[in-house]
Every structure is written in structure tokens, then in C-alpha cells.
Amino acid sequence: PYNKNRYRIGGPPLNTEDYAFVIMDWRGKHGSQHAAEPYPRYGVDGAIAVEWIAEQEWCNERIGTYGGSALAQIQWLTAKEQPEHLACVVPINHALITHYQKYYHGGVKRLEYVETLAGFPWIPYLIHRFPYQGRFWQFIEQSTNYTENIAVPALVITGWWDMTPDESIVTFNELREESADSVRDKHKMLIGPWTHSSVGLLHQGDYTYPAAAGEAGRAAVRFFSHYLRGIGEDNEPAVRYFELGPDSFTTAEEWPPEDIEQFELYLTADGLSLEQDGSGIDIFSYDPRNPVLTDGGRVFSHFLRPGPRDLNRLNFRPDVLRYETLPLDN
């Protein structure tokens, strides 16, 4: 839906000459406007495209798909149709199932996200119309849950500052439990220090992450090399995730990693503490005419900058409370 001609300027999305790329506009969009239908079945179109590619003389009859956001959604829909020559998929920053939590995180409306979807008016309308996790959202979740129809290996890629990395993690775990038996142990997940629109780039928000720059593309090429060209063994760990403290990738065979220990930090008069002392009350005055601007984080908006940001710039405000810890050992 993003206009395939954009890729003529930047070239193929992966820096390699080992593959032929086919990029097509969705039915009813851009170069495919003439083929518009009232209720297009994008997954069926994707499956037809896969089989057409397989018939070309330059194709070895093994086809993989790649892309982020809406280009990840279309991969799930295409894989659902199980075209014969689809060998693997690399969906980036888009869950398979549409959950209530995607738009109402913890029950609170993601206003910046919903307003950004205004280009598709019926989506914000339905989100506003059904603010509670009732029958409507049960229907949406059930109708978008076709995990058992996924019969090819998937490399699920997301970033800590995507607007819904938790949804991608849920997708990975559900694939490992509910997809076709033949591929359940072949799915992989890569989590980097990335925002929704800057996966693999060096700069994220106010910071740079050299150890993660380009890693999404390299991981995709390794995945394709095995499943499309028969190169190398499938011996990579199931999960690779970027730790922000040591600034490096760590591996695990499941998510969450089995050796993870969770703990809670409490707000106290002395700052953040591992012990809850229940002492004191902190108060600030909030003026809705002068709100604290959302600065960074897991936002998706035309107006707000996502990612890790230096929030010291907010310290001058009288309506901001700040708590600190002693240096943490790990």
C-alpha cells in the first residue's frame, strides 16, 4: 500500500545480489488501482503472486517474503493461503492476531496511534465505538487468529520501541505452540533497539546503537539463505534480543528466557527502592491546558518522535516527579 515505485529509488530492501525481488502494489492501490474490488482478499492475491513468480525462468521455485508493518500483515495473510512455493516469511513489526491491547494498552486508548490511522476512517471509528474488551474484540481476535494455518518458518522481527513489540512476541509464542507441526520449532524471533519505522538503522531517538545497526537485514539474509538457497544449517537460537545495558544481543531458546528473574521497584521518599516502606505522599499539580508532552517511547504518530529520548529536558517543569535508584549491579 506504500507505492512500489518508492523502492525504485532506494533499491531492494536487502543489500544482496543473490535474490530476485518482486514488489507489487496492493489491489486498488497505486499501480493496481484499475484492479480495485469492493472487498479485496489481499492474502489470495499474495498467494497468486507467489505461484506466478514460481513459474518464471529466473526462479528456483522457493519464495520468501519480507517487509514491515502493512508489508508484514500481507505476509501473514499470504501464508494463511498456503501457496505451494512459499518457503518462509520475514514479518517485521506486525502481529498475526489483532488484539484489544493493540489499541487499548492496559485498557487505555492509544490516542496517538488511533489518530494516526485516520487515513482509514473505519478503523478509528470502530476503535472509538468499542472501548471495552467485550464481544466485538473477541470476534476480531478470533477472526484474525489463523495461526494453525501458518505452515512455513517465520522470522519475527520487532523493536523495543515499536508501538506493539509485546504483540509480536505473543505472535512468536503462538506460532511455536499452534502453527503447523512441521514448522513449530523452526520459527525465530529478533528483537532490537528499534522504533517502528527505523528497524536496523544506527540512530534511534537521541541515541545510536552500533551493535544493532543492520542486524535485521543480516538476520533476514541468513534466514533466506537457508530456506531459499539451501545454504547453512538451521542452528541459530530461537530468540535473539538486544540488551540495552551491555548494548549487545543475547540469545535464548524461548521467551521469556527461562533464567529471567522479575522484581519490583517502589516509589519511596528516598527514590526508587527494592523495599516498600509506605512512607510519605508526593503531590504535583496538573494543568490540562499545559500538559507534559509525550517525548519518545513506544509511540506511533506523525507529530511525536519515538524511541529512546533524553528526558532531562522535562526536569524544569513543576508537574514532573522524578525518582532515582542507586547504581544497579546488573
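The values are calculated or read from the model by the stated rules, or taken from the named source; none is laboratory data. Everything quoted here is computed from the prediction, not taken from an experiment. Note that we place each Cβ from the backbone using ideal geometry, even for glycine, and neighbour counts take in every protein chain shown. Note: areas computed on protein heavy atoms with side chains; ligands, DNA, RNA excluded. Shrake-Rupley method; radii C 1.70, N 1.55, O 1.52, S 1.80 Å.
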(request) Only Cα pairs under 8 Å and at least 6 apart count here; give the relative contact order of the chain as a rounded whole percent. (result) 13 percent
(message) Given a 1.4 Å probe and heavy atoms of the protein chains only, how would you sort Y19, Y146, largest accessible area at the top?
(response) Y19, Y146
(request) Show F300, F284 ordered by accessible area, largest first, where the area counts protein heavy atoms only and the probe is 1.4 Å. (result) F284, F300
(message) Just to verify a number: what accessible area does T268 come out at with the full protein assembly present, 1.4 Å probe, Å² rounded to tens?
(response) 10 Å²
(request) Please give the calculated 222 nm ellipticity per residue for the chain, where each DSSP H segment of at least 4 residues contributes -39500 (n - 2.57) and the sum is spread over every residue; nearest 500 deg cm²/dmol? (result) -7000 deg cm²/dmol
(request) Kindly write out, for segment 195-208 in residue order, the coupling ³J(HN,Hα) from the Karplus curve 6.51 cos²θ - 1.76 cosθ + 1.60 (θ = phi - 60°), rounded to whole Hz, with x marking Gly and Pro. (result) 8, 4, 9, 9, 4, x, 7, 5, 8, 9, x, 8, 10, 10
(request) For segment 262-330 and segment 52-119, write down the distance between their C-alpha centroids in whole Å. (result) 34 Å
(message) Here are a few candidate values for semi-axes √(5λ) of the Cα gyration tensor in Å: (1) 34, 28, 17; (2) 38, 25, 20; (3) 47, 28, 15. Which one was actually calculated from the structure I just gave you?
(response) (2)
(message) So, R0 is 51 Å and r is the distance between the beta-carbons of H34 and R313; what FRET efficiency does that work out to, to 0.05?
(response) 0.55
(message) Along the Cα→Cβ direction, 7 angstrom out, place labels at R305 and D234. What is the inter-label distance in nm?
(response) 4.2 nm
(request) Could you rank L326, L14, L321 by how accessible they are, 1.4 Å probe, largest area first? (result) L326, L321, L14
(request) Pop out the carbon and sulfur fraction of the accessible area of the chain as a percent, whole number, probe 1.4 Å. (result) 52 percent
(request) Go ahead and run the numbers for FRET between F139 and H105, Cβ-Cβ distance against an R0 of 30 Å, rounding to 0.05. (result) 0.90
